[in-house]
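Worksheet: one structure, shown below.
The values are calculated or read from the model by the stated rules, or taken from the named source; none is laboratory data. Treat the numbers as computed from the prediction; the structure is a model and nothing was measured. Cβ placement follows ideal geometry from the backbone for every residue including glycine, while neighbour counts extend to all protein chains displayed. Remember, those area values only see protein heavy atoms, side chains included, never the ligands or the DNA or RNA. Shrake-Rupley method; radii C 1.70, N 1.55, O 1.52, S 1.80 Å.
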4 protein chains.
Amino acid sequence: MIIIMRADSTEADIEGVLERLDDSGYGHHISRGEERTIIGAIGAPDGEKDTAAGQLSVLPGVERVVPILKTYKLISREHHPRPKPVMIGPAQVGGGHLAVMAGPCSVEGHDQMVQTARAVKDAGACALRGGAYKPRSSPYDFQGLGVEGLEHLAAAREETGLPIVTEVMDVRQVEGVAEIADCMQIGARNMQNYGLLKECGGAGKPVMLKRGFASTVEEWLKAAEYIAAAGAQDIILCERGIRTFETGTRFTLDLGAIALARRETFLPIVADPSHATGVASLVLPMALASTAAGADGLLIEVHPRPDQALSDGPQSLTPAAFSDLMREVRKVAEAVGMTV
Amino acid sequence: MIIIMRADSTEADIEGVLERLDDSGYGHHISRGEERTIIGAIGAPDGEKDTAAGQLSVLPGVERVVPILKTYKLISREHHPRPKPVMIGPAQVGGGHLAVMAGPCSVEGHDQMVQTARAVKDAGACALRGGAYKPRSSPYDFQGLGVEGLEHLAAAREETGLPIVTEVMDVRQVEGVAEIADCMQIGARNMQNYGLLKECGGAGKPVMLKRGFASTVEEWLKAAEYIAAAGAQDIILCERGIRTFETGTRFTLDLGAIALARRETFLPIVADPSHATGVASLVLPMALASTAAGADGLLIEVHPRPDQALSDGPQSLTPAAFSDLMREVRKVAEAVGMTV
Amino acid sequence: MIIIMRADSTEADIEGVLERLDDSGYGHHISRGEERTIIGAIGAPDGEKDTAAGQLSVLPGVERVVPILKTYKLISREHHPRPKPVMIGPAQVGGGHLAVMAGPCSVEGHDQMVQTARAVKDAGACALRGGAYKPRSSPYDFQGLGVEGLEHLAAAREETGLPIVTEVMDVRQVEGVAEIADCMQIGARNMQNYGLLKECGGAGKPVMLKRGFASTVEEWLKAAEYIAAAGAQDIILCERGIRTFETGTRFTLDLGAIALARRETFLPIVADPSHATGVASLVLPMALASTAAGADGLLIEVHPRPDQALSDGPQSLTPAAFSDLMREVRKVAEAVGMTV
Amino acid sequence: MIIIMRADSTEADIEGVLERLDDSGYGHHISRGEERTIIGAIGAPDGEKDTAAGQLSVLPGVERVVPILKTYKLISREHHPRPKPVMIGPAQVGGGHLAVMAGPCSVEGHDQMVQTARAVKDAGACALRGGAYKPRSSPYDFQGLGVEGLEHLAAAREETGLPIVTEVMDVRQVEGVAEIADCMQIGARNMQNYGLLKECGGAGKPVMLKRGFASTVEEWLKAAEYIAAAGAQDIILCERGIRTFETGTRFTLDLGAIALARRETFLPIVADPSHATGVASLVLPMALASTAAGADGLLIEVHPRPDQALSDGPQSLTPAAFSDLMREVRKVAEAVGMTV
């Protein structure tokens, strides 16, 4: 940490800060400029913590405290310097392979799932996605099939061999979902549901963590650190759009965040252009853009009949449109040196 | 709903929409303008649902679908036309009484709680706030005292008679918190944790729902509807700042949202200027502004020693500063016709 | 500035930074921590500039550069420690007096202006506002009466004695507006129109600078510094709402920004709840909140017939509603120790 | 327009709306639902204007007014259905050709410009960019070389044949810039500087309009309509990042906006990953992403010595890095069927 003293701080103020640093086990370094005195805190005893920064910032004469070190470790490049792929069942995410995970927003029935699974597999998807538990803004909308939905997912895997990615919304669902899913997805609304992060981290299955729609990249990485600290080795990050003032698209896909997070962590990072745009006709260009930006995979919503989907029809592709998308995605993936 | 057809839509497209409306039990009305045909859907069979709008929007020739009706009912003014106060133990929130709830961010020990409770009661607070379970961005920061924290809260109530408002983060904590708290708080990060909303709604205690920091007023009201639909009668809304591009304050307190929500719902609405600003010196002006804007209450963070607080020290007031704040708040409350 | 070196930076990297500082006339101080080396740059020769920070940040081994000093001076509290009122003609803005400036969005005709001026004066306004030049999102909307509008403003002043606040959009209008207006307003869209800032700063009349709807408080203050550097002594800041994800109001009135800017500058700061909310029924609560938050004045849109206004009808108050507002505003102003 | 009446509106309210529509030359269509009456306004006499919507929205009993028609015409696909390339001197932007425009943020001198022009031409750029007039947040930072800068640009064109794109900030510069530049750039801060839009629109040179960093796609298109209405045929749109809560990058590049604007307008749309990210190491991935998203061109900041740049050094590429970028961009461009 660096402590910047106010222009009108006194020697006693500076002494107060130094004593506090000393009490907390920090060394220090003082730099007295013409306009400001600056104190560097050295050797945080067990990592630099937000708590210490907060406490120092309210001492007399302190203008502000600038943190220097990151508070995530297990998922950082300093911990593991090179990108590391994650396996979802037989499907590899990361390591030069673009993993396309496709399927409907909601699991709606056995036939819908098996039919969709076959179609997306034929087109080149490597995993099946679909929600048995659905977070919905209104209590009067379809809330998902729950356990029955998990069974339809398992049946579709049985038929096609595609591994399953599905969302878990509640700590009480973790055990049941972990039993069936190949990868447990934590949704954007739950990115800071810390109980859920910990439970999923300890469930023994890969976890896909969607970025909260108003969370910074740093908060996203800290949330992943919760999962890692709970024991998970296999974590995938997913950028799915952030909330901005623009209302022409549902969210704003933040591809810069993928490039930014890539520098910080070795975890694979995928993109979800379907939720980000909310508009079927924008999914293709944003899928291509995500691939070119360096995403390790894509989540694409596919529904056999978008006009009958119980959720997210407007952003769902038909199997035919998905097949076209895969053809285009392959070309861009090759152009950036990846295989699909 | 209103369905706006594209300029190049065909008669067959229009027929397709009408058939779909008919199948779904809606009547309709067509308005053929020079540039656009517009179809009004009449008499939604069981309320206008997002699902129907989504499905219609992907039919051929449809440009967009404009929802007309609100999807919240139980908490709306149409359901109960006049504002309705909520009791937290002996303390009234709403109905012309400004309820000030004060206390530390985190419960840190027995003495801290009893001392703070006495101080805030003396200054005029009507309820004690403090977190036993703490949502923290980093897994390495203080996570709260848990059950022991609840006991300190109960002890402070015993000593002072102040009712308790405390956060519940996880469905597994609901039963324990409901047993002790006079009001269960759902934090901003959990505003769309639907399992938690439902559990709290069924727990038989008043619930305070903080607005998600990237949630619209409409989403906030829909989240409250979840709680109401689960059985709760006594719900308090709390505006605590939204995330914007401005970094000079921690969040941006959106007082317009209080005025806006007021028109829609009969629920009391309070403001949390401490979390919104994140800066102790800005809490007073924002507390006064909240009061003038028509808030039914205030949440104020008070800590006997902000420089030793385990969380949120920078925004905590000392008991002396809180006492000053109460004096100023009373004047503004009277000016807008409220009692404290 | 503080230069934070990367964990893997070399001695040569550090040397490179020190040499550059030396070449630029800075002294330095090095602090070698266990995980990071930190270099403090001391004694910026002619103020700390963004340019120097940018250049240093791309030197090898540099992780980031943290600026320490503010780049605004003339408008800062360090330059003039206490708030300083500004006179608009006979009306005082700041110094414990709440200045209410009211009138229509657009000047539409002689009778409209005189009638409105009389009404707002009777209700207690101290200045008349109205736009002769109107920035409009669409080229097909009413663009203002221009010079003719200025004449109507002057006529209304003649009749009522109220000084005039009116917008200048273009450097070519500055001379003409300065001749007639008592205060020249720079609108939110032009907050970073630097040519206009400089011209207005040199025109010899007080300038009201609206905050850009996506500008930080720091950028707002830097824009005011442009005006001051061009020679203006009398500058008023105006918070008029920022753009956020919330669409229920037109903008989000950021009252925390008033409190924040207040700490930094001695300039008076007023609020515009009409543009911020865009909804007439929300203007009253936000006017009260602005007053309680410490605003030195209010801009309120008033139109004799909002349903015939050529711009901003939805947010305009009738003279009767404005009169009610003034009655409520007075009470809150008194509660916070101000006169109206 | 569609006028949605409140649930408690009366017959007299409805009559009032119909009369007003009649007076204004609109026909109408009424749809009386169980919960709401909805009125469609038909046949706007001279286009649907914001003014009419605003006036109707304040009539008694009106809940809200929903505009149906777009207020931009000249630049819309309805006016010209297919994308239409723009020539900047000899360089084509749009029509399947990816136009890469490169150069320094600021023109700093003759040698810098000629050297950079040669380097970017060798690497494959088709136009030279560089600012002679610079909008800077602080009045104490380098403000550009002005007329001298224009001469250096002209000299570099002379040497290399590359056409010039350069910013105009002020109406008084339009004539001078138009004389020398092959394309006049209007910066993000000036997107709603309507005087400037009109002057540039009438200057007889192609205009590149950057999106305001807090402007919606719709506002961006309306601003382009201003230029078109002033007479310009050749307009290029440029997405350069929007302001969001994320601070890890300088702005958030909104590639969805390119895809969205593409559906609405025939104008070419380019992307500026340098300003959007503000970080040199993120420029390459975002340049590739922009290309894959369907951009018609790229603006890339290149400086021979980023550590000595007078502005935007942190986001500038060296000529060598630019050459690498061009190699990668070419591959992605080919993958999406474009030539460079």
task = Give the calculated FRET efficiency between C:Glu151 and C:Gln233 to the nearest 0.05, with a Förster radius of 30 Å applied to their Cβ-Cβ distance.
result = 0.60
query = What whole number of Å gives the distance from the Cα centroid of the range C:288-335 to the Cα centroid of the range D:96-154?
reply = 48 Å
inquiry  = What's the whole-number percent of alpha carbon pairs in the range C:67-123 lying beyond 19 angstrom?
reply    = 55 percent
inquiry  = In whole percent, and with a 1.4 Å probe on the protein chains, what portion of the accessible area of chain B is carbon and sulfur?
reply    = 48 percent
key: Crossing angle, helix C:280-293 versus chain C [Cα axis fit, 0-90 degrees, rounded to tens]   = 50 degrees
Amide H contacts under 5 Å for C:Glu63, placed H, 5+ residues apart = C:Ile4, C:Met5, C:Arg6
For the range C:1-40, alpha-carbon Rg and Dmax in angstrom = 9.7, 29
query = What is the pair-distance distribution P(r) of the range C:33-171, computed from all Cα-Cα distances in 5 Å bins starting at 0, with each bin given as a whole percent?
reply = 2, 8, 13, 12, 10, 8, 8, 8, 8, 7, 7, 4, 3, 1, 0
Dipole axis of chain B (+1 Lys, Arg; -1 Asp, Glu on Cβ), positive-most option in B:Val329, B:Ile2, B:Ile38 = B:Val329
key: Dipole magnitude of the range B:2-66 about its Cα centre (Cβ charges: Lys, Arg +1; Asp, Glu -1), debye to nearest 20   = 160 debye
query = Radius of gyration and Dmax for chain D's Cα atoms, expressed in Å?
reply = 23.1, 76
key: On Cα atoms only, tilt of B:110-123 relative to the major axis of chain B in degrees   = 80 degrees
query = So how strong a dipole does the protein assembly as shown carry about its Cα centre when Lys and Arg Cβ are +1 and Asp and Glu Cβ are -1, to the nearest 20 debye?
reply = 0 debye
note = Scoring chain C by relative contact order with C-alpha pairs under 8 Å, at least six apart, yields a percentage of 16 percent
task = Could you work out the local net charge near B:Ile164, counting Lys and Arg as +1, Asp and Glu as -1, over the other residues with Cβ closer than 9 Å to its Cβ?
result = +1
key: Angstrom value of the Kirkwood radius, inverse mean 1/r, which spans all Cα pairs in the range C:101-155   = 11.4 Å
ask   = For chain B, modelled as a GNM with alpha-carbon contacts under 10 angstrom, which of B:Ile14, B:Ile300, B:Ile88 fluctuates the most?
value = B:Ile14
request  = Mind pulling up the Rg/Rh value for the range C:2-66? Radius of gyration and Kirkwood radius, both on Cα.
outcome  = 0.93
Area buried, chain A against chain D - accessible surface, total, 1.4 angstrom probe, square angstrom = 2500 Å²
key: Position C:Glu179, label points 7 Å along Cα→Cβ, spacing to each other copy in nm (shortest first, one decimal)   = 2.8, 8.2, 8.6
ask   = To the nearest 10 degrees, how steep is helix C:147-160 against the longest Cα principal axis of chain C, on a 0 to 90 scale?
value = 70 degrees
request  = At a Cα cut-off below 30 Å, give the lysines reachable from C:Lys121, other chains included and same-chain residues fewer than 8 away excluded.
outcome  = B:Lys331, C:Lys84, C:Lys134, C:Lys205, C:Lys210, C:Lys331
inquiry  = I need the inter-copy label distances for D:Arg64: point set 7 Å along Cα to C-beta, values in nm with one decimal, smallest first.
reply    = 1.1, 3.7, 3.8
query = For D:Arg32 and A:Ser281, what is the calculated FRET efficiency with R₀ set at 56 Å and r taken between the beta-carbons, to the nearest 0.05?
reply = 0.95
note = The long-range amide H neighbours of A:Gly33, using H built 1.01 Å from N in the peptide plane and a cut-off of under 5 Å, are A:Ile38
inquiry  = What does the copy distance list look like for C:Glu151, label position 7 Å along Cα→Cβ, in nm and ordered from shortest?
reply    = 4.6, 8.4, 8.4
request  = For the range B:295-340, count all C-alpha to C-alpha pairs, find those more than 17 Å apart, and express that count as a whole percent of the total.
outcome  = 41 percent
remark   = When the charge dipole of the range D:187-284 is computed with +1 on Lys and Arg Cβ and -1 on Asp and Glu Cβ about the Cα centre, the Cα farthest towards its positive end, among D:Gln233, D:Val279, D:Ala259, belongs to D:Val279
note = Taking A:Asp182, B:Asp22 and ranking on accessible area (1.4 Å, protein atoms only), highest first, one gets B:Asp22, A:Asp182
request  = With all protein chains present, calculate the accessible area of A:Arg189 using a 1.4 Å probe and round the result to the nearest 10 Å².
outcome  = 70 Å²
ask   = For the protein assembly as shown, what is the percent of antiparallel DSSP beta bridges, rounded to the nearest 5?
value = 40 percent
task = Take the Cα pairs of the range B:173-239, get the Kirkwood Rh, then feed it into Stokes-Einstein at 10 °C and 1.306 mPa s and tell me D in µm²/s.
result = 139 µm²/s
note = To the nearest 0.05, the calculated FRET efficiency linking D:Arg172 and D:Arg82 through their beta-carbon distance, R0 being 30 Å, is 0.20
message = I'd like the accessible area for A:Leu209: 1.4 Å probe, protein heavy atoms, all chains in place, Å² to the nearest 10.
response = 0 Å²
task = Evaluate the charge dipole of chain D about its Cα centre and quote only its size in Debye, nearest 20, assuming +1 on the Cβ of each Lys and Arg and -1 on the Cβ of each Asp and Glu.
result = 720 debye
message = Could you put B:His29, D:His28, D:His152 in order of accessible surface area, largest first, with the 1.4 Å probe and the full protein assembly present?
response = D:His28, B:His29, D:His152
remark   = extent check for the range C:182-299: Cα max minus min per principal axis, descending, whole Å, gives 39, 26, 25
request  = Over every pair of different alpha-carbon atoms in the protein assembly as shown, take the mean of 1/r and invert it; report that Kirkwood radius in Å.
outcome  = 32.3 Å
